[in-house]
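The values are calculated or read from the model by the stated rules, or taken from the named source; none is laboratory data. Not measured: the values here are computed from a predicted model. For neighbour counting, all protein chains shown are included, and Cβ atoms are generated from backbone atoms with ideal geometry for every residue, glycine included. Please note that ligands, DNA and RNA were not included when accessible areas were found on the heavy atoms of the full protein model with its side chains. Shrake-Rupley method; radii C 1.70, N 1.55, O 1.52, S 1.80 Å.
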Amino acid sequence: MRKRLLLLLALLMLGAGPAWAEHPAECRVAENLIEPNFRLPHVTRAVDAKHLNILVVGAGSSQLPGSSGAGNAYPARLQHALADRLRGVDVKVTTDVKSGRTAAEMVKALPDALAAATPALLVWQTGTVDAMLGVDPDLFSQSLDKGIKIARSAGADVVLINAQYSPRTESMIALGTYVEDMRWVALQQEVPLFDRFSIMKLWGELGTFDLYSATKKLDIAEQVHDCIGRLMADMVVSAAKPEEPPTNGSR
Amino acid sequence: MAPVSTERDLRLDLFRGLALWLIFLDHIPSNAVNWVTIRNYGFSDATEIFVFISGYTAAFVYGRAMQQHGFIVASARVLKRAWQIYVAHVFLLAIYLAEIAYVSSSFDNPLYTEEMGVLNFLKNPDVTILQALLLKFKPVNMDVLPLYILLLLWFPPMLWLLLRAPSLALITSASVYALMWLFEWNLPAYPSGTWLFNPFAWQLLFVFGAWCALGGAENLSRWIHSPVMIGLAIGYLVFAFSIAMTWYFPRLAMYVPKWVGDAMYPIDKTNLDVLRIMHFLALAIITVAFVPRDWPALKSWVFWPAIVCGQHSLETFCLGVFLSFAGHFVFTEVSNRVVTQIIVSFAGIAIMVAVAALISWYRQAERRGGGPRPPAAKPGYAGGEL
């Protein structure tokens, strides 16, 4: 139901939304979903200083298999898109990505990763593995809170990325609670959430990408990651814009 | 205290049947039709209805058995029922394993390598199946039957107490609920975490249903039918509805004061949040107020499909879980267009009704013909099972 409404909203807002002419058409449908509701002051400063370090911490859905996987996965696409959008700024995206990690495991590795990368922004993808293992949702939320605090005390802003929408495994992985919890923690902690789940679901419903496909080929996966990288770059740029304060949404 | 009425209350069957349909619809992921289900319009969902009515009917059936045949016989029958449900759960598990094994051998999209990790447990089926038999490993949407089993195991002593000191039984149940919140009691699950439906929490609704069946509802009826209560219930439902709307139209959320949100969220399903109980109670009050027990329409053909499903709840529930797997399978393999989703939803309900009707017919035929005799303690209810 909610997704149907989002779809309707998306169609309505296609006309009203800001024009991002440079995007491939398939990414566009999800643009209303990336309106950031909180700002990224550290990123703003880093952009002013012409030097933006970003650390992506994530699990298996932040990477692609194969030899060219690292270059085509969304962290690399994010760096590419940001470098395009922020001419003259030295953008560097480093990753700490290992498949099968829960939020709690990532939090443990976080201080070292932050110390090594000294980022102005932590992009934190999590939720899928916790859902698969059925980690206690309270503990999951606590891990998110903890990770956000650690990043902030290391001088970094945070953007959360929730799980992928995966129609084939929908009846096997109960993502609902974890997706909701991330939304809630993001609001409480005043951190922008990159709602990958809703975006991909919208793509699935509009037929932008065939997410049901049993293909072993990488082409759709690469396009999806490319679009995610671009949309995230848009979100980061608009959340870091110093002049117009973004709308302060809450639940 | 004696069970008040000897005639089965068709409203129970009707609403349990409807709850079973809603559970079926909710269990099909990405189903356009599940916008009709009540969880979209407030805090509680069909699970509350199912658990409450199950407690009510359990007290109705086994309360009489306990009065006529004593504690031991009635307990033995409750345990037999728990065993039947356990067997049904294992049967569903087998179907689930078949489905998941099929997906793991047919689907290998590089976009979803992480998600395919959910199939890793197929690599050590010994551990997984053992954990499943211990009710610790519960695949998605298979959490209700294990809860039901535990509720029945806990039921004989509660029923004993309910028949002697109903208020004390209710207080005991409420205390367990309160202690659960205080000490965060729950049972462990596999591979990690805890039970999705915390039995220490959900037993409250089950025992409350039983308490209502054994005369509690009669005692409350003056309250339930008072205009003030009905007004409060409607007010609360409207409040829950407006909050639910902010989930779909985030822009409305700015009208919700921050302190209300802070006090309200997260609305905990695992531990049966008080907001959910209140929402269920409000629904129940409205239902009881506007649907009288002797409403003639209850005997008409319009409600017969839901009633017959409610009368064979275990079979219908299991079938519903299976059909929701099958429905999702159709979405992935055939088509996920909205038309398909509508057809699958209605076909699923039609199958549930057909099978429930068949079971009903079969029971009657068995009773008439030379088949095994129904238990002597249950005369008078057609399909009068728990």
**Item:** Those helices (runs of 4 or more DSSP H) lying entirely in segment A:124-229 with at least 2 residues within 9 Å of chain B (Cβ to nearest Cβ) and in contact with a Pro (Cβ under 7 Å, 6 or more places away or on another chain)
**Value:** A:176-189
**Complete:** Conditions (1) touching a residue at least 40 places away in the same chain (Cβ under 8 Å); (2) under 21 Å from A:LEU175 (Cβ atoms); (3) open to solvent by 50 Å² or more (accessible area, probe 1.4 Å) -> B:PHE91 fails only (2)
**Message:** Going by what's in this entry, would B:VAL118 be described as within 13 Å of chain A (Cβ to nearest Cβ), part of a helix (DSSP H, G or I) and crowded, with 20+ Cβ neighbours inside 10 Å?
**Reply:** yes
**Request:** For B:TYR62, indicate whether it is open to solvent by less than 60 Å² (accessible area, probe 1.4 Å) and either away from every other protein chain (no Cβ under 12 Å) or farther than 26 Å from B:GLN341 by Cβ (or both).
**Result:** yes
**Complete:** Checking B:GLY215, B:GLY209 in turn, the sole residue that is surrounded by 13 or more Cβ atoms within 10 Å (Cβ to Cβ) and under 22 Å from the mean Cα position of the chain (by Cα) turns out to be B:GLY209
**Message:** Just the residues that are within 18 Å of the chain's Cα centre (by Cα), surrounded by fewer than 20 Cβ atoms within 10 Å (Cβ to Cβ) and not charged (D, E, K, R), please, taken from segment A:75-103.
**Reply:** A:HIS80, A:ALA83, A:THR94, A:VAL97, A:SER99, A:GLY100
**Prompt:** Here are A:VAL123, A:VAL129: which of them is surrounded by 23 or more Cβ atoms within 10 Å (Cβ to Cβ) and in contact with a Ser or Thr (Cβ under 7 Å, 6 or more places away or on another chain)?
**Reply:** A:VAL129
**Prompt:** Does at least one position in segment B:182-192 carry a residue that is outside any helix (DSSP H, G or I), at pLDDT below 95, open to solvent by less than 30 Å² (accessible area, probe 1.4 Å) and within 30 Å of A:ILE173 (Cα to Cα)?
**Reply:** yes
**Item:** Qualifying positions in segment B:251-264 - closer than 16 Å to B:GLY42 by Cα and either assigned to a helix (DSSP H, G or I) or open to solvent by 100 Å² or more (accessible area, probe 1.4 Å) (or both)
**Value:** B:LEU252, B:ALA253, B:VAL260, B:GLY261, B:MET264
**Request:** Output the number of the condition that B:SER75 fails; it satisfies all remaining conditions of (1) at negative phi; (2) without any contact (Cβ under 8 Å) to a residue 60 or more places away in the chain; (3) more than 14 Å from chain A (Cβ to nearest Cβ); (4) not hydrophobic (A, V, I, L, M, F, W, C).
**Result:** (2)
**Request:** State yes or no: is A:ALA46 buried (at least 21 other Cβ atoms within 10 Å of the Cβ), modelled with pLDDT under 70 and of a type outside the set (Asp, Glu)?
**Result:** no
**Request:** For B:LEU25, state whether it is within 14 Å of chain A (Cβ to nearest Cβ) and either more than 20 Å from B:PHE322 (Cβ to Cβ) or assigned to a helix (DSSP H, G or I) (or both).
**Result:** yes
**Item:** Options B:PHE200, B:PHE183: the member that is under 18 Å from B:LYS269 (Cα atoms), touching a residue at least 24 places away in the same chain (Cβ under 8 Å) and away from every other protein chain (no Cβ under 13 Å)
**Value:** B:PHE200
